[in-house]
Amino acid sequence: MEKHLNRVMEEITNQPGVYGCVLSDHQGLCLGAHGQASTESSGVITALAEQALKLEPKSVMPIISLENDNRQLIIRRHGVLTCGIYKSVCN
Amino acid sequence: MVEEVRKLLQDILQKIQGLHCILITDRDGVPLLKVGTDKAPENALRPNFISTFGLAIDQGSKLGLGKTGTLICSYAQYQVIQMNKLPLIVTFITSDTCNTGHILALQNQINPIISTLTLAVAES
């Protein structure tokens, strides 16, 4: 059933620099994680997306990027799905 | 010590939208610590409701999936999320729209509190 979802996650993880991705539903429950992404982060990722949307409720779903010296987490919500992509950043 | 734990739970309660109550009880549902708002339904806080978790995890262990860790009951207006920290049970009562995954992620955060309380319970 989740074959398609797994394929999409694999595709995402195969992009250059990406080392993990996690997908969660509107309740923050993990639908799948691939690569070095933890399933436990799904709840927090959904919560972050929800809170970010509150900054400008009338605008489209924002893309949230959390970054440190060498890593980046990009969060994007689409409908009921929230996707978190972990990327390594080369400076 | 109890005041510190209560403050920590209060902080968690304020941070998560839709979280009405955090309840730490023993296996019989007798409350040790309760932090909550007035939105929490009275019936869900009763020991006879909380203690059914003990029966549920006993049945759950028969599925052959190992020890039951968490039980999520989703109702029309509320969610009841219970965590198996035997001899203690941690119960979260939330609104139906609350982020379930976020509550589950609290597990790591409350583990130190639970160990402290378990020690205190064992000593008494």
Pick out which of B:S61, B:S51, B:S95 has the largest mean-square fluctuation in a Gaussian network model of chain B, springs linking Cα atoms closer than 10 Å.
B:S61
Using +1 on the beta carbon of Lys and Arg, -1 on that of Asp and Glu, and nothing else charged, what's the dipole of the protein assembly as shown about the Cα centre, debye to 20?
240
Rounded to whole Å, √(5λ) for the Cα gyration tensor eigenvalues of the protein assembly as shown, largest first, gives 34, 19, 17
Amide H contacts under 5 Å for B:H20, restricted to residues at least 5 apart in sequence or on another chain and with H modeled in the peptide plane, are B:I93, B:T94, B:S95
Top mean-square fluctuation among B:Q109, B:Q59, B:Q17, Gaussian network model of chain B, C-alpha springs under 10 Å?
B:Q59
Anything over 26 Å Cα to Cα? Flag those among B:K7/B:K85; B:K62/B:K85; B:K7/B:K39; A:K87/B:K67; B:K15/B:K85; A:K58/B:K15, in the order listed.
A:K87/B:K67
Averaging sequence separations of C-alpha pairs under 8 Å and six or more residues apart, then dividing by the length of the range B:2-123, give the relative contact order as a whole percent.
25
May I ask you to evaluate 6.51 cos²θ - 1.76 cosθ + 1.60, the Karplus curve with θ = phi - 60°, for each residue of the range A:40-55 and list the ³J(HN,Hα) values in order in whole Hz, giving x for glycine and proline?
5, 6, 4, x, 5, 4, 5, 4, 4, 5, 5, 5, 5, 5, 5, 5
Relative contact order for chain A: what percent, with Cα pairs under 8 Å and sequence separation of 6 or more?
27
Could you put B:K39, B:K85 in order of accessible surface area, largest first, with the 1.4 Å probe and the full protein assembly present?
B:K39, B:K85
Using each residue's phi in the range A:58-71, evaluate 6.51 cos²θ - 1.76 cosθ + 1.60 at θ = phi - 60° and report the 3J(HN,Hα) Karplus result to the nearest Hz, with x for Gly and Pro.
7, 7, 6, 4, x, 9, 9, 10, 10, 9, 10, 4, 10, 9
Pop out a list of residues from the range B:78-104 that are at least 30 Å² less accessible with all the protein chains around than in their chain alone; 1.4 Å probe, no ligands or nucleic acids counted.
B:N99, B:T100, B:G101, B:H102
Between the alpha-carbon centers of the range B:22-47 and the range A:18-91, tell me the distance in whole angstrom.
33
At each listed q (0.24 Å⁻¹), what is the log10 of I(q)/I(0) that the Debye formula gives for chain A modelled as equal alpha-carbon point scatterers?
-1.22
For the range B:42-52, just list the computed ³J(HN,Hα) in residue order, Karplus coefficients 6.51, -1.76 and 1.60, θ = phi - 60°, integers in Hz, with x standing in for Gly and Pro.
4, 4, 6, 9, 6, x, 5, 7, 4, 6, 5
Per residue of B:111-121, what is the mean number of Cβ atoms on other protein chains within 10 angstrom of that residue's Cβ?
0
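The values are calculated or read from the model by the stated rules, or taken from the named source; none is laboratory data. What you are looking at is a predicted structure, and each value in this text was computed from that prediction instead of being measured. All Cβ positions, even for glycine, are placed from backbone atoms using ideal geometry, and neighbour counts span all protein chains on display. Just so you know, the surface numbers come from the protein's heavy atoms only, side chains and all, with ligands and any DNA or RNA stripped out. Shrake-Rupley method; radii C 1.70, N 1.55, O 1.52, S 1.80 Å.
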